[in-house]
Every structure is written in C-alpha cells, then in structure tokens.
Amino acid sequence: MNGRRVPAGLVDAALVAVALLDVWVHLDADEPLRLAFAVGAAFALLLRRRLPLLTFVLTLPAILLSAAIFAGVVALYSLATLSRNRVMLGFCVLAYAICDMSSWPSPEIDLSDTSTLITLGYTTATAAAAVFLGQLVQTRRDLSLRLAEISEARDHERMLTDQSVLAKERAQLAREMHDVVSHQVSLIAVRAGALQVSSPDAEVKEAAATIRGLSVQTLQELRHMVDVLRASGGRPTELTPQPSLADLRQLVEGSGIEAELRTDLPNGLSPAVQRAIYRTVQEALTNVRKHAPGAAATVSIRHQGGTVRVTVTNSAPTRPALPLPSARYGLVGLHQRAALLGGTVTSDPTADGGYELHLELPDDGRA
C-alpha cells in the first residue's frame, strides 16, 4: 500500500454503477415510472459531495416506488459525513424508513402486525447504520485535522523556543564582548596612546601608533558585532527593520486562513502608528486561527478625520477550537500599545457567531 487516495471522480462513478446494477436487479423495463426515478436517483449520486441534502431528497422517490435502495443509503451516508445537524439527520432516517416501508401508490402500514414492526426496525436500522458510519467518518476527518493542527502548533512552539534560546545566548555573548573584550581593547588603545606620547624612541612611537590604530579599528569592529548580536537577540536596532504597512499584505496572505485586506491608508504615517496597525492585525489573525478554525477574516483599514480605524472581523468557526495553551497577554499588549499612542482597542463577538476587533489611533503617532 502506497497510501494514495482513490480519485473522488472514480469513487462516484463506481457508486453510480453499483446503483444502476441495483436498479437492474430490482426493476423491470415494463415499469417506466419506477425505472425513471430509480435511474435518476443513481445519477443523483454525482451531486453527493456538493449538494448532499438535495441528493438524498432526489433518492426518496426511488425508495418510495421501488426496492432499489442502494442510492438512498449512499446519499444518506454522504449527508452524514458532511452535516453536523443531528436533528436533520434524524428526520432523514425517519423519512427513509417511511418511504421504504410504504408501497406506493397504495401504502399499507399496519403497526399492529409483528412482521411490519420487524421490517420497520430493520429499515430504520439500515438508515441509522448509514448515518452512524457517516458520522464516524466525519469524526475521523476532524480528528485528523486536529492532529495536524496540534503538530503544526508544536513545531511552531519548538521553533520559537529554539529562537528564544539562541537570542538569549547571543545577548549574553554581546554583553560579554561589550563588558570584557571591548573594555580590554579600549585599555590597550589608551596605553598605546600614552606610550606614543611619552616615549622618546621614534621606533617605539611608531609601534605604539600602530598598536593604537589597530586597537581603535578592532574596537569599532567589536561594537559593530555587538550591535549585530543584540539585534539578533531581539533588540530593536537599525539592523532589524520593524514591520510597516508595506508588510501588511504579506502578513494577511501568509496567515494560513482565508483573509481579505481592504485599506485606503495614505503615505506618511509615523512608524509607531504603522507598527501598531501591523501588530494589531497580526494578533487578530493569530487569534482567528487559534480560536476559530475554518473561519474567514476581513481586515479593513480606513483613514478619516485624522483617525486611523482598523477592524478585523471573522466569521463563525466551522470546526471546534483546539484547547491550545495561551498566556492571554495578546489583547492586553494591544491595549497598552494603543494607549501609548493615544488610541483605543475594543473587541466583541458578532451576531453571526464570529468576532470583531477594532483599533482607533490618531495619525500623528504621538506616544
């Protein structure tokens, strides 16, 4: 086994073929009405992935008029794999059982007859088995998605941990170079300068000048290396450019969720305001991915009357959220950042089960 999945089109074609075989076994050509509904039900299986409920409804006449029930069972199974509405699935089981028990156009259902009750139980069990199997497949699919998300979250957490350890080591190395090596090289330069001034020997003065020049050059290179190490350790310097509005589209497109960016911001906003907008959108999209799996998000950024308004709205989740660990400091940090710039951050659930985060900032970037 190589783990390759059978193409969906091939599976659907096979199911239609089996349904047509079921029609051929149970129906005769001298029953055109029943034959037409049964054949229609067989070909309706081609819609089972996109329109599962409609597919099941299209198979009910065939179940009602004939003994060709294979298409109806497959349609009910397909509906159960794609729907989470268990009340609707229960009504579908009931509809299947009633149609299968009826002998149209003269239905005769005598519940006082023991054989009728046995047949009803068998028919209901057949429909219920299809629903239970479909729900099992849906649960397995959801579990696979959860495991994939957990694995991705663990890999991301491991990467962040490695980066944090590396940043601490670089920061410690930068401190050591600054406090020890740079200090000692500075002393060498000072002593060489003093020797250059005080020595009467021309060769000694020349050697002292060389030592002093090399020490100063080494000291400059050390300071540059310290700046690089500190930048790698997470400290903001000119070597680590901070995000701006130019990076927003890449952030939205790489968020891992279905997101749309709408913006009409002018050029010239202060770097602090641009960073606040970027971090707000980044935190909001991270929360959507973590707490609303399957939801779509819209990022709207507007500039009006000297105020920048950022709104990130997401729809209701389509899957249960994972119980991932959270420090719950993201929104707190956004509130603090906005307050330092004279702005506000608000967040509330929406009427359709989604969530909305709103940021307002003055565009002067005052801190």
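The values are calculated or read from the model by the stated rules, or taken from the named source; none is laboratory data. The structure displayed is predicted, hence computed values, not measured ones. Heads up, the Cβs are rebuilt from the backbone with ideal geometry, glycines too, and the neighbour counts pull from every protein chain shown.
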### Task
Report yes if some residue within the stretch 41-63 is over 23 Å from residue 142 (Cβ atoms), modelled with pLDDT of 85 or more and in contact with a Pro (Cβ under 8 Å, 6 or more places away or on another chain); otherwise report no.
yes
### Task
Out of the residues in the stretch 1-40 that are among the β-branched types (Val, Ile, Thr) and under 31 Å from the mean Cα position of the chain (by Cα), state the one that is surrounded by the fewest Cβ atoms within 10 Å (Cβ to Cβ).
6
### Residues located in the stretch 194-230, provided they are within 52 Å of the chain's Cα centre (by Cα) and among the polar types (S, T, N, Q)
217, 218, 220
### Message
From the list 208, 246, 231, exactly one residue is outside any loop (DSSP other than H, G, I, E, B) and at pLDDT below 70. Which is it?
### Response
231
### Query
Tell me, which residue of the stretch 86-132 that is in contact with a helix residue (DSSP H, G or I) (Cβ under 7 Å, 6 or more places away or on another chain), not in a helix (DSSP H, G or I) and not charged (D, E, K, R) is modelled with the highest pLDDT?
102
## Note on the structure
Residue set 143, 166, 160, 147; condition more than 24 Å from the chain's Cα centre (by Cα) and of a type in the set (A, V, I, L, M, F, W, C); output residue 166
#### Entry: Subset tally (residues that are over 17 Å from residue 300 (Cβ atoms), among the small types (Gly, Ala, Ser) and either under 23 Å from the mean Cα position of the chain (by Cα) or not assigned by TED's automatic domain parsing to the domain that holds residue 314 (or both)) for the stretch 338-357
2
### Sole residue being crowded, with 22+ Cβ neighbours inside 10 Å and either on the phi > 0 side of the Ramachandran plot or aromatic (Phe, Trp, Tyr) (or both), chosen from 56, 43
56
### Query
Do the conditions hold for residue 76, that is, is it farther than 17 Å from residue 126 by Cβ, within 36 Å of the chain's Cα centre (by Cα) and at pLDDT 90 or above?
no
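Regarding residue 148, is this residue of a type in the set (Gly, Ala, Ser) and modelled with pLDDT of 85 or more? Spell out the reasoning first.
On the way: of a type in the set (Gly, Ala, Ser): yes; modelled with pLDDT of 85 or more: yes.
The answer is yes for residue 148.
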### Query
If we scan the stretch 326-343, do we find a residue that is among the hydrophobic types (A, V, I, L, M, F, W, C) and at pLDDT 90 or above?
no
